[in-house]
Structure formats: C-alpha cells, structure tokens
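The values are calculated or read from the model by the stated rules, or taken from the named source; none is laboratory data. Only a predicted model underlies this, so the values are computations on that prediction, with no experimental measurement involved. Cβ placement follows ideal geometry from the backbone for every residue including glycine, while neighbour counts extend to all protein chains displayed.
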Amino acid sequence: MPPPTGDDHLLPPGTLIKPAAVLVALVLHRDEPGVLLTQRASHLNNHAGQVSFPGGRIEPGESPEEAALREAFEEVALDPALPRVMGRLPRHLTGTGYEITPILASLRPGFTLVPSPDEVESAFELPLSVLLDPAAPRRERAEWKGRMREYWVWPHGEHFIWGATATILVTLATALRAG
C-alpha cells in the first residue's frame, strides 16, 4: 500500500497517528451530481466550523468502510445501507496526526439528512461541475505553528473548503478527470 499523502512533515517526531475514515459520497442527482460535505459544529474543540466529509476515528475491529458509514449515520443520520461503496482513495495524513482513509461511494437522491447538533451544523454538496473544473481549486499560504504552509481551497458560495477535505477533493477530481 502506498504511503499516505499529506502533512506528515508538520508532525513532531513520535506523534501518535490516529486512524480515521471519511465517506466521500457522490450524490447522483440527474441535473447536477454533487459531493456530500458537512460543516462541523462551531462549539467543537477540534476543527470547529470547518468543512469536512462525514467521518471520524476508526474503532478497534472496524474496517475503514464500516467506520465511514457509521460516522455518516452518527453525524447526519445517513442510513448505512444507502451508499454504494466503490472503493478507497489514497490515504491522507493530516498535520494533526490523523491518517484518513477516504471511502468513495455513490448515493442516489431521495434520502433525508439530519445533522447531529453535537457534531454538525449543516450538510451541503459541492457540485460535480466545480469539482471537474481544473481551474476551480487554488493554492493559498498561511503560517501555522510558526511555519508557512500551502494548502488547497475550493470555491463555494457559502463555505470555506480547505485543508484535508480540499486535498481529498483534489485527489478525487484528478481521478475523475483521468478516468
């Protein structure tokens, strides 16, 4: 298995790596497919208010697929039987020590999402047309923990999509355009 992409250069030596999984669900609307995203609750201790995929830590004995589906149910009440898992995208290591396995799935419209107020403020979609536009993502720079860092940002009218989520979207977009 190839090493994960990401921000491993930002981690101090000896950082405990935490396995996590996210559900990268392509919602197959007839007029405009989209990628399901969430905005994390603003009261959370970690990554408050950030845009993310439904997901979280992998529990002992769970596969990444099981964890992604369980977390999507816990976060937005998505029935685990609805997404059709298609495979995995390359793993991504964050600067906060999470090794994320993105689980790619398709999802037919007609479901209802109910964000858990403990974890999620809202659920929304990034249109596939934006994802497939090679000019859409841009690179930005900012200082983080005393070091300059470059990261991807995706355009969206209401949400700031950056960091690990944006990087996973770049990986997905590259695969879809190639494919």
Exercise for the section: Pairs only if they're at least six apart or on different chains, beta carbon under 9 angstrom, first in the stretch 132-153 and within 15 Å of Ala164 (Cβ to Cβ) and aliphatic (A, V, I, L, M), second in a loop (DSSP other than H, G, I, E, B) and at pLDDT 90 or above; list them, first residue then second. Expected result: Val153/Pro137
Handout entry: Filter result for Thr38 (at pLDDT below 95, of a type in the set (Val, Ile, Thr) and crowded, with 21+ Cβ neighbours inside 10 Å)
Key = no
Problem - Check on Glu59, in contact (Cβ under 8 Å) with a residue 12 or more places away in the chain and out of contact with any Cys (no Cβ under 7 Å at 6 or more places or on another chain) - result: no
Practice task
Return a yes/no flag: does the stretch 6-25 have any residue that is under 12 Å from Leu126 (Cβ atoms) and either polar (S, T, N, Q) or at pLDDT 95 or above (or both).
Solution key: yes
Practice task
Assess whether Val114 counts as being of a type in the set (Val, Ile, Thr) and surrounded by fewer than 15 Cβ atoms within 10 Å (Cβ to Cβ).
Solution key: yes
Practice task
Report yes if Arg138 is modelled with pLDDT of 90 or more and of a type outside the set (A, V, I, L, M), otherwise no.
Solution key: yes
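This table checks each residue for (1) closer than 21 Å to Val27 by Cβ; (2) among the aromatic types (Phe, Trp, Tyr); (3) modelled with pLDDT of 90 or more.
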{"residue": "Ala123", "(1), (2), (3)": "yes, no, yes"}
{"residue": "Val130", "(1), (2), (3)": "yes, no, yes"}
{"residue": "Ala142", "(1), (2), (3)": "no, no, no"}
{"residue": "Lys145", "(1), (2), (3)": "no, no, no"}
{"residue": "Met148", "(1), (2), (3)": "no, no, no"}
{"residue": "Trp154", "(1), (2), (3)": "yes, yes, yes"}
{"residue": "Gly157", "(1), (2), (3)": "yes, no, no"}
{"residue": "Ala166", "(1), (2), (3)": "yes, no, yes"}
{"residue": "Thr171", "(1), (2), (3)": "yes, no, yes"}
Practice task
Select the strands (runs of 3 or more DSSP E) contained entirely in the stretch 90-179, then report the ones holding at least 3 residues which are touching a strand residue (DSSP E or B) at 6+ places or on another chain (Cβ under 6 Å) and within 18 Å of Ala68 (Cβ to Cβ).
Solution key: 98-107, 120-127
Practice task
Examine the stretch 84-98 for a residue that is farther than 25 Å from Ile17 by Cα, out of contact with any Ser or Thr (no Cβ under 9 Å at 6 or more places or on another chain), exposed (fewer than 14 other Cβ atoms within 10 Å of the Cβ) and not polar (S, T, N, Q), and state whether such a residue exists.
Solution key: no
Fill in the blank from the handout: Filtering the stretch 57-83 for residues that are surrounded by 15 or more Cβ atoms within 10 Å (Cβ to Cβ), among the small types (Gly, Ala, Ser) and on the phi < 0 side of the Ramachandran plot leaves a count of 3
